[in-house]
């Protein structure tokens, strides 16, 4: 049966809980193209909360023939599904994706960037904590009277009152565990909440049995307190996750919910940002945020571009300028023409990069998920073994039941499930504060392993912004003529020459640009040329060696083939380039420059930065081969580059990084993208990745150590259900607090200084940006 047919025959408008599923049209409109014949759909799955949930949802989706890949992000409770539009020539109905998720018992709906549904769950958890705490406190007061020696009738009365107080708390506050456990069991699987639900239920039932039979001991206080501590752990986990991913939340709030769209007849409609299409004209007032990427068609303004470049200085824009979603119009009104939808905007791309970093299927995370997957069968086996061992050894089946309950609770692997994702979330947020985007969670693991770094030159070690260095020695008349010719070219060197000339340039008509050579114009004076030496002076003796020994970029002005002026340019070093290189050298990294530029230029830059190894005049294939060779020589290479010609090298390296100014192909090939101009992003990202790896290993050690100590104590009968609950919640909190130590990692000096002076400290999380 084809996919389409399967989706049609079993088409469900509701999931098994009676909730509406997204329609085919909604899914197609919300999907975006990620390759030939491939679409990506993002769905929210609010009920997932552990490694077993992730494995279940991903497993059922990967079993669908149309699904290329699926990944659940535990922090955002979001599943990203990449699927084929057709299988075996038959169109696929995307409704099969939420239907498949519904078969596992989880609900799903379309994900939106500004989704705030987690606030409702947080409030529910807080109310449940309050109710269970109230019940536990009052039951404990009654228990004190029982422990103080109340007689049989008074003791039974207090036990019955405790049972009545505990029952509603168990039903209302325990529903989080019961609903999750029932969902899992009725779909033929288990999760972390199954043993918890069994544990608190058995604890209550055993206490009720004791009360009915006038027993001297009941455990209602332990049941209520157990529920109280379990909910505290879950509520803290939820709040810590939200706090750790506050960078994404801040970014999502930068996107307006809607905008004024100008119709052809001159009327204006307010549309939600999801309804804005490519080509729509949008009116932006002063103080408004731009909803989607576009081109300014009318109006002038100053834009707060700190989300794009990390700088607080406003950037003037005028008709023809490109603008990005999330930027703020400060001083004027604009009309822009949309060039991308909200799903494909610059702001959406940054959010996707952040979420990919948090949800990447890294090696450590796969280990934790695999351990959590085997948890339930092992725990149930241990609990049953403890129950029969204690019951058969001393005949006290009530005590055996209490031991089994304690084992069920104390072995909950919440700490193990949190060990990796909470570190990834905090690390991604810390890197984001420093202006560094991470495209894959596994990239941080690979970056922590590097011992060699290769840099491209132009646009990486330098800014790709040439600067004229010999202006004071150039004749004023020649300078004016050269500036006039340069005004007819968009070449970077022409733009730099034009900027360097402060006066009124000479006027020319009929200027012709020769690609890769320069510009020329025929005037009554003769034939003027401005460009490289071969072009400007074709019959000169120097044409055989066009400045190869000069460590500067060279532009020659000639009249009828005779040289009239030479303009020398050097590229500006990236801010903090020297400091970053010194830091990396002190840490023992093997540094290399791989450039396609002339040897003299590369040699001079290498000398300036103190890098001994360099290679020049390399083709894109040569760079990729060099990266592959480094990796083959037992090195783990980080390639830092930009531009289309660096894409093969970025892909060939063990891990890669590119500046935000890189070409689209370069940014797509890189694992990290740094948004600020400074090169200090490289050592900072390496240090953050190394610390993340250490914290993950520490969290594994804490989680495993906790079980090594706690499980034998529970099996030997020394842990009551109450002690088990406190121990389990404490282990989870310790793991989260340990991960938050990563926030102590100092930001690069320029970023910290910028933050302290009131700048955009977190690319979208500053008070001004969040306004």
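Given in Å, the Rg to one decimal and the Dmax to the nearest whole number for the Cα atoms of the stretch 256-344 are 12.0, 39. Please report how far the C-alpha centroid of the stretch 684-723 lies from that of the stretch 386-428, rounded to the nearest whole angstrom. Comparing the Cα centres of the stretch 684-723 and the stretch 386-428, I get a distance of 14 Å. The mean sequence separation of alpha-carbon pairs under 8 Å and at least six residues apart, normalised by the residue count of the stretch 465-572, gives a relative contact order of 29 percent. With each label modelled as a point 7 angstrom along the Cα→C-beta vector, the residue 378-residue 393 pair spans 2.1 nm. Full extension of the segment from residue 86 to residue 137, taken as 0.36 nm per residue of separation minus the current Cα-Cα distance, would add 12.4 nm.
Between residue 612 and residue 563, the modelled labels are 3.7 nm apart [label points 7 Å from Cα along Cα→Cβ].
Projecting the alpha carbon convex hull of the stretch 495-536 along each direction and taking the average yields 3.6 nm². Computed from Cα atoms alone, the Kirkwood hydrodynamic radius reported for the stretch 378-431 is 13.1 Å.
Computed as a quarter of the hull surface, the mean projected area of the alpha carbon convex hull for the stretch 382-521 stands at 17.1 nm². The distance between label points at residue 33 and residue 124 comes to 4.0 nm (points 7 Å beyond Cα on the Cα→Cβ vector). Relative to its residue count, the stretch 465-572 spans a Cα convex hull of 97 Å³ per residue.
Can you work out the FRET efficiency for the pair residue 525 and residue 103, with r the C-beta to C-beta distance and R0 = 56 Å, to the nearest 0.05? With R0 = 56 Å, the Cβ-Cβ based efficiency is 0.10.
Taking other C-beta atoms within 10 Å as the exposure proxy, 284, 161, 405 rank 161, 284, 405 from fewest upward. For the stretch 130-169, the fraction of C-alpha pairs farther apart than 16 angstrom is 31 percent. Normalised size of the stretch 554-638, defined as Cα radius of gyration per 2.2 N^0.38 Å with N residues, equals 1.43. For the stretch 253-290, backbone nitrogen atoms closer than 17 Å to the point 7 Å from residue 23 Cα along Cα-to-C-beta are found at 275.
Descending by average beta-carbon neighbour count within 10 Å, the peptides 259-272, 23-36 line up as 23-36, 259-272, the highest first. On the principal axes of its alpha-carbon atoms, the stretch 570-614 has extents of 30, 21, 14 Å, going from largest to smallest.
Laboratory data are not the source of any read-out in this text; all were calculated from the coordinates shown. Every value quoted in this text rests on a predicted model; they were computed, and no experiment measured them. Neighbour counts are summed over all protein chains in view; Cβ atoms, including those assigned to glycine, are modelled from backbone coordinates with ideal geometry.
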